1. What number of residues within segment 39-66 are under 14 Å from the mean Cα position of the chain (by Cα) and open to solvent by less than 90 Å² (accessible area, probe 1.4 Å)?
2. What is the number of the single condition among (1) in contact (Cβ under 8 Å) with a residue 60 or more places away in the chain; (2) touching a Ser or Thr at 6+ places or on another chain (Cβ under 9 Å); (3) basic (K, R) that R64 does not meet?
3. In segment 103-115, what residues are open to solvent by 50 Å² or more (accessible area, probe 1.4 Å) and either under 16 Å from A43 (Cα atoms) or not small (G, A, S) (or both)?
4. For segment 81-135, how many residues are farther than 20 Å from T51 by Cβ, of a type in the set (V, I, T) and either touching a residue at least 12 places away in the same chain (Cβ under 8 Å) or in contact with an Asp or Glu (Cβ under 8 Å, 6 or more places away or on another chain) (or both)?
5. Restricting to segment 72-116, name every residue that is outside any loop (DSSP other than H, G, I, E, B) and among the β-branched types (V, I, T).
6. Report the residue count in segment 1-29 for those that are within 22 Å of R119 (Cβ to Cβ), among the aliphatic types (A, V, I, L, M) and at pLDDT 80 or above.
7. How about segment 54-107: which of its residues are among the basic types (K, R) and under 20 Å from R38 (Cβ atoms)?
Amino acid sequence: MRVTMLVRSTTGLEAAMRARTVRQRARVKAATVRSLDRVFTRAQESTPRDTHYMALHMRAELTREGYDFAVGFRSSDFVGQTNPATGQVITAFYPVFVIKGTRFMAGRDFLSAALRAERVNIRRGYARALSDRAS
């Protein structure tokens, strides 16, 4: 079973549907890449770093033909792998526990927080890409 913990942005797809020209679509794709970079950087900066393993295995990927993006983790990078910092085999997909929390620890949803923090900049970037004055 493949488990993922991702935060997705679909604003790019909405902007692509409003794009009237090929040039506007290209600008929307470029805005998506810039947005992905900003959200990924923010999420990386706020990732808990007890062993650095989780920060090193965060993924950023473009989806839907480059109009959307996702930032997060895949269980295959964790379960069954050896943590180089501790030398132990990882038996659980622990980003879920860090993000959602447990009965002993409050959740720290740094993925959604990164997307929320960049939401205004993401929308501005797409608005600029769709404007007729953008070059």
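The values are calculated or read from the model by the stated rules, or taken from the named source; none is laboratory data. What you see is a predicted model; the values in this text were computed from it and never measured. With ideal geometry, Cβ positions are generated from the backbone for all residues, glycine too; neighbour counts draw on all protein chains shown. Side chains are part of the model used for accessible areas, which takes the heavy atoms of the whole protein and leaves out ligands, DNA and RNA. Shrake-Rupley method; radii C 1.70, N 1.55, O 1.52, S 1.80 Å.
1. 17
2. Condition (1) is where R64 drops out.
3. Within segment 103-115, the first condition is being open to solvent by 50 Å² or more (accessible area, probe 1.4 Å), and the residues that meet it are 103-106, 108-109.
If the condition is that a residue be open to solvent by 50 Å² or more (accessible area, probe 1.4 Å) and either under 16 Å from A43 (Cα atoms) or not small (G, A, S) (or both), then R103, F104, M105, R108, D109 are the ones that fit.
4. Step one: list which residues in segment 81-135 are farther than 20 Å from T51 by Cβ, which gives 103, 112-135.
When the remaining residues are screened for being of a type in the set (V, I, T), the result is 120, 122.
Next, from what is left, pick out any that are either touching a residue at least 12 places away in the same chain (Cβ under 8 Å) or in contact with an Asp or Glu (Cβ under 8 Å, 6 or more places away or on another chain) (or both): 122.
Of the residues in that region, 1 qualify.
5. Initial filter on segment 72-116 (outside any loop (DSSP other than H, G, I, E, B)): 72-77, 82, 89, 95-101, 106, 110-116.
Within segment 72-116, T82, V89, V96, V98, I99 qualify.
6. Total satisfying the criteria: 1.
7. First, pick out the residues of segment 54-107 that are among the basic types (K, R): 59, 64, 74, 100, 103.
Selection gives R59, R64.
Residue-wise test of (1) under 15 Å from L6 (Cα atoms); (2) of a type outside the set (D, E); (3) open to solvent by 80 Å² or more (accessible area, probe 1.4 Å).
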{"position": "S35", "(1), (2), (3)": "no, yes, no"}
{"position": "D68", "(1), (2), (3)": "yes, no, no"}
{"position": "S76", "(1), (2), (3)": "yes, yes, no"}
{"position": "Q88", "(1), (2), (3)": "no, yes, yes"}
{"position": "Y94", "(1), (2), (3)": "yes, yes, no"}
{"position": "V98", "(1), (2), (3)": "yes, yes, no"}
{"position": "G101", "(1), (2), (3)": "no, yes, no"}
{"position": "A117", "(1), (2), (3)": "no, yes, no"}
{"position": "L130", "(1), (2), (3)": "no, yes, no"}
